[in-house]
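Worksheet: one structure, shown below.
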Amino acid sequence: MLRTFATNRSGNFGMIAALLSIPLFGAAALAVDYINASGHRSNIQNAVDAAVLAAASSGKSTEGDLRAVAEKVLLANVDSDLREGLDITGFAVNADGKVTMSVSGKLSGTFARIFKVNVLEVAVRAQAQRPGGQSVEIALVLDNTYSMVGQKLSDLKNATNALIKTFETEQDLDVKIAVVPFSRYVNVGTQYRNASWLDVDPDSSNTRNVCYKRKPVTGKSGCRTETTTGMNDGVPTTGTREVCTSYAYGPEETVCEDRTTHTRWYGCVGSRNAPLDISDTRPDRRIPGLMNQRCSAPLLTLTDNFTAIRKAVSEMKAQYDTYIPAGIMWGWRVLSPQAPFSEGKTYSKGVRKFMIVMTDGANTLSPSYPHHNGKDGTYADRLMTRACENAKAEGIEIFTVGVDVPNASTREGLVACASQAKNAIAISDSTRLGEVFQNIAGEILSVRLTM
């Protein structure tokens, strides 16, 4: 965290006497002093950085106690021959929890004295953000596709609950968490059926009498059971079926029966037409609700009700195929201050917004608008990356966690989605999810320099 002298700081460094007034033959000697002083300034800057970081993470609450911690660390880290000329010119703790320290000092120059330049002046400043000084909003965008069935989903639930517990125990932190399970679609919950941002047809039923002819099977022989194979969300599946060499049929008959067709909305939503499919703008362009479509467990919008958060996690089930952009878009929407939801705070320096995207598979589907029935995984990967770029442009910090992702294009897309290289985590075993999620929690809770 400590930075070099070349880093842009709100400090200044200057000679008391202008070099232009010094004879040319003395410039080299003064340059030696300048180089030495530059090293001293770096030492002081690093010491001030360490001081504000220590104060911000100390757990102290009063300005006096915070200053005492900072002064102790400052003196412990600055070189002993520089301490005498140091002066703390400013120390403050603002309402957002930022701890700021300003330090000035006077350094002696060995050669500068020859030219009657007795001292060099240095002034540095550092600022650190205390963990409880800002609001934190986190969207957990979690893969609930069929490939997560069994141990993977169990590991994901355990890791997520441990992460939730970590934030629940941070008493001084204003934190809200949303849960966004995804598969081929996202389930927003049927309670939003009449929302202005949603376009959903009414439920209906239609009954009609249908007549048809059939010959009933009266016997069969030479039957055997065959094994069948297939794929479900990229995972090989097997089944069985009965195959017979001959069948006996009775006389043809006419059968008439009433058939009722039900049209229901179960909370699943599709995508708006491009480019609005990866945009959080134009809430007046309504999001399509999909009739007779099943999908993941309903999402939970931002809340500090940790019982509700754990309940949302417990309801997750592994089913259906993978379309990651749907999860990312609804992760963005639950963090956004504008419609469709209102729980997210306005984008500002006073709130930090995070999205944690976890998946174990490639995009097996792509949009066919409004549905996600296409098979162009590469196109879906591009949409995933662009959706992340748009969310990051709003100041949302994204972490991605890939568990044994088989597709190179999707792996590259997850790296591109992350806000920085270290935010893209790839693991081969779901048993490591607990460790990874705790590391992410540590990153979110870490004290950091802001100046």
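The values are calculated or read from the model by the stated rules, or taken from the named source; none is laboratory data. From a predicted model like this one, the values you see are computed outputs, not experimental measurements. Cβ atoms come from the backbone with ideal geometry, glycine included; neighbour counts cover every protein chain shown.
Which members of segment 326-372 meet the condition of being assigned to a strand (DSSP E or B) and not aliphatic (A, V, I, L, M)? I'd like the intermediate steps shown before the answer.
Residues of segment 326-372 assigned to a strand (DSSP E or B): 351-359, 366.
Answer for segment 326-372, where residues must be assigned to a strand (DSSP E or B) and not aliphatic (A, V, I, L, M): Arg352, Lys353, Phe354, Thr359, Ser366.
Can you find even one residue in segment 292-309 that is within 21 Å of the chain's Cα centre (by Cα), among the aliphatic types (A, V, I, L, M), part of a helix (DSSP H, G or I) and under 27 Å from Gln338 (Cα atoms)?
yes
May I ask you to list the residues in segment 373-389 that are assigned to a loop (DSSP other than H, G, I, E, B) and not acidic (Asp, Glu)?
Asn373, Lys375
Would you check if Ile44 is assigned by TED's automatic domain parsing to the domain that holds Val122, touching a residue at least 40 places away in the same chain (Cβ under 8 Å), more than 28 Å from the chain's Cα centre (by Cα) and under 14 Å from Ala126 (Cβ atoms)?
yes
Which pairs have Cβ atoms under 9 Å, sit 6 or more apart or on different chains, and link a residue in segment 275-304 that is under 26 Å from Thr385 (Cβ atoms) to one that is of a type in the set (Asp, Glu) and assigned to a strand (DSSP E or B)?
Listed pairs, sorted by first residue: Arg286/Asp199; Ile287/Asp199; Pro288/Asp199; Leu302/Glu137.
A quick yes/no check of all residues on (1) under 22 Å from Thr166 (Cα atoms); (2) not hydroxyl-bearing (Ser, Thr, Tyr):
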site: Ala308; (1), (2): yes, yes
site: Trp330; (1), (2): no, yes
site: Thr346; (1), (2): no, no
site: Lys349; (1), (2): no, yes
site: Pro370; (1), (2): no, yes
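If a residue has to be touching a Phe, Trp or Tyr at 6+ places or on another chain (Cβ under 6 Å) and either in the same structural domain as Asn232 (by TED's automatic domain parsing) or under 27 Å from Ala159 (Cβ atoms) (or both) to count, how many in segment 364-379 make the cut?
Here the count works out to 2.
Step by step: first the residues of segment 348-368, then only those that are charged (D, E, K, R) and in contact with a Ser or Thr (Cβ under 8 Å, 6 or more places away or on another chain), then the one that is surrounded by the most Cβ atoms within 10 Å (Cβ to Cβ). Which residue is that?
Among those that are charged (D, E, K, R) and in contact with a Ser or Thr (Cβ under 8 Å, 6 or more places away or on another chain), it is Asp360.
Can you name the number of the only condition in (1) loosely packed, with under 11 Cβ neighbours inside 10 Å; (2) touching an Asp or Glu at 6+ places or on another chain (Cβ under 8 Å) that Asp258 fails?
(2)
For segment 398-421, check the following and say yes or no: at least one residue is in contact with a Phe, Trp or Tyr (Cβ under 6 Å, 6 or more places away or on another chain) and of a type outside the set (Asp, Glu).
no
State the number of residues belonging to segment 137-170 that are surrounded by fewer than 21 Cβ atoms within 10 Å (Cβ to Cβ) and part of a loop (DSSP other than H, G, I, E, B).
Summing the residues that are surrounded by fewer than 21 Cβ atoms within 10 Å (Cβ to Cβ) and part of a loop (DSSP other than H, G, I, E, B) in segment 137-170 gives 4.
Among the residues in segment 214-224, are any farther than 21 Å from Asp201 by Cβ, surrounded by 10 or more Cβ atoms within 10 Å (Cβ to Cβ), touching a Cys at 6+ places or on another chain (Cβ under 7 Å) and not assigned by TED's automatic domain parsing to the domain that holds His371?
Yes, there is a match, as at least one residue in segment 214-224 is farther than 21 Å from Asp201 by Cβ, surrounded by 10 or more Cβ atoms within 10 Å (Cβ to Cβ), touching a Cys at 6+ places or on another chain (Cβ under 7 Å) and not assigned by TED's automatic domain parsing to the domain that holds His371.
Report those strands (runs of 3 or more DSSP E) wholly inside segment 220-271 carrying at least 1 residues which are closer than 30 Å to Pro406 by Cα. Steps first, please.
Details: elements: 224-232, 235-243, 246-249, 253-263, 265-269.
Per the criteria, 224-232, 235-243, 265-269.
May I ask you to list the residues in segment 387-403 that are surrounded by 14 or more Cβ atoms within 10 Å (Cβ to Cβ) and touching a helix residue (DSSP H, G or I) at 6+ places or on another chain (Cβ under 8 Å)?
Ala387, Cys388, Asn390, Ala391, Ile396, Glu397, Ile398, Phe399, Thr400, Val401, Gly402, Val403
Would you be able to tell me the number of residues in segment 390-413 that are in a helix (DSSP H, G or I) and either more than 18 Å from the chain's Cα centre (by Cα) or without any contact (Cβ under 8 Å) to a residue 12 or more places away in the chain (or both)?
3
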